[in-house]
Amino acid sequence: MILIVLREATPEERKIFYCEEWSKKDLPDFILHTLSLREFGFDLDGSGPSHRYNQFLTVEQLADFLRSKAPYGAYSSVALYEHPSLRKGWLKSELVFDVDAKDLPLKRCKCRAGEICEICIDDARGVVAQFVETLRSDLGLREVNTVYSGRGFHIRVTDDAVMKLEGAERGQLVEYITGSVIPTDITLAFGYSRIFRERAARALDRIDEKKIEEAGLRRALAQKLVAEKEKVVAMMRSGKIGEVERIEGMGPKSFRIFLEMLAKINSELTDGKVTIDTKRILRLPSSLHSGVSRKCVLVHDIDRFSPDDAIPKFLR
Ligand SMILES: [Zn+2]
């Protein structure tokens, strides 16, 4: 396991970053084209993003601010407003999914709280790739942007079809994308049933006996599920759920507990609070995450993304 060494950027390094490396060309189009309608927030000294209610009419104004203040953190609203500097006149908001490498359920690595390594970043990358595929293929969305935040990913959808949704509807989308509700018919080859099974297969592939026992299944059954993991994962993927239910020692009651356990693990793949909050500010792509000395960058190809792409020049 290669632990990624993360350290705080000094005020001098922040200044170097914004004056010599930062470029307005690194701002994604979805921000650039709506810049003047967004509220910007800043963490000026590392104490938190409390400098809120900022509006920039042009990208040059934003550039001047970043170069002169070299903030510890820079954020912009997911919402577009008529009056961003008052946070009034809400027009619409991006649909956002936050996948944090350090908070993923069933980690394959031994990272402690706050640590990240290449394995957990790669796990987060895999979850993001699945979510993006579902948003594009199942929901037919086109403007699905992925941003590496410095220690995880933000998926930011800007299709008009989703930007007007209210919090409750966004909550339902979280359940759909993560697979956190047991489907009525779990065997279907398409739609939500397949999404649930795909996410559940990911969980089963990583789960250990202890976690299964904690969910309320007997030890002998937990041992059997782990010993025959490959078979169980394949049954889950292909929709042959009846075979899982017939595993020795399972029965209808244990099977229900088993499915509930998987739905709960799936629900932890993203922080649903971020998705339903239509007035949240998110780290600005192109800016520096000074807590870890990494750039927040737009990801062009999630399958080829390497966290090394986010290392600022002052660390190279
Ligand atoms: Zn890790």
### Message
Being open to solvent by less than 20 Å² (accessible area, probe 1.4 Å) and either outside any helix (DSSP H, G or I) or on the phi > 0 side of the Ramachandran plot (or both) is the filter here; which residues of the stretch 300-316 pass it?
### Response
312
### Summary
Of (1) modelled with pLDDT under 95; (2) open to solvent by 60 Å² or more (accessible area, probe 1.4 Å), residue 26 fails just (1)
#### Entry: All positions within the stretch 88-122 that are over 11 Å from the mean Cα position of the chain (by Cα), among the acidic types (Asp, Glu) and within 16 Å of the ligand (Cβ to nearest atom)
115, 118, 122
### Task
Output yes when any residue across the stretch 61-77 is in contact with an Asp or Glu (Cβ under 6 Å, 6 or more places away or on another chain) and within 16 Å of the ligand (Cβ to nearest atom), and no when none is.
no
### Query
Quick one: is residue 258 under 30 Å from residue 169 (Cα atoms) and of a type in the set (Phe, Trp, Tyr)?
yes
### Query
Quick check: anything in the stretch 172-181 at pLDDT 95 or above, surrounded by 15 or more Cβ atoms within 10 Å (Cβ to Cβ), under 14 Å from residue 93 (Cβ atoms) and not hydroxyl-bearing (Ser, Thr, Tyr)?
yes
### Task
Give the stretch 99-112 a look and list any residue that's closer than 30 Å to residue 81 by Cα and in contact with a Leu (Cβ under 8 Å, 6 or more places away or on another chain), or say none.
99
### Task
Would you be able to say whether some residue in the stretch 153-168 is within 16 Å of the ligand (Cβ to nearest atom), surrounded by 16 or more Cβ atoms within 10 Å (Cβ to Cβ) and not in a strand (DSSP E or B)?
no
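The values are calculated or read from the model by the stated rules, or taken from the named source; none is laboratory data. Remember, it's a predicted structure, so these values are computed and weren't measured experimentally. We place every Cβ from the backbone using ideal geometry, glycine too, and count neighbours over all the protein chains shown. To get the accessible areas, we keep the full protein, side chains included, count just its heavy atoms, and leave off ligands, DNA and RNA. Shrake-Rupley method; radii C 1.70, N 1.55, O 1.52, S 1.80 Å.
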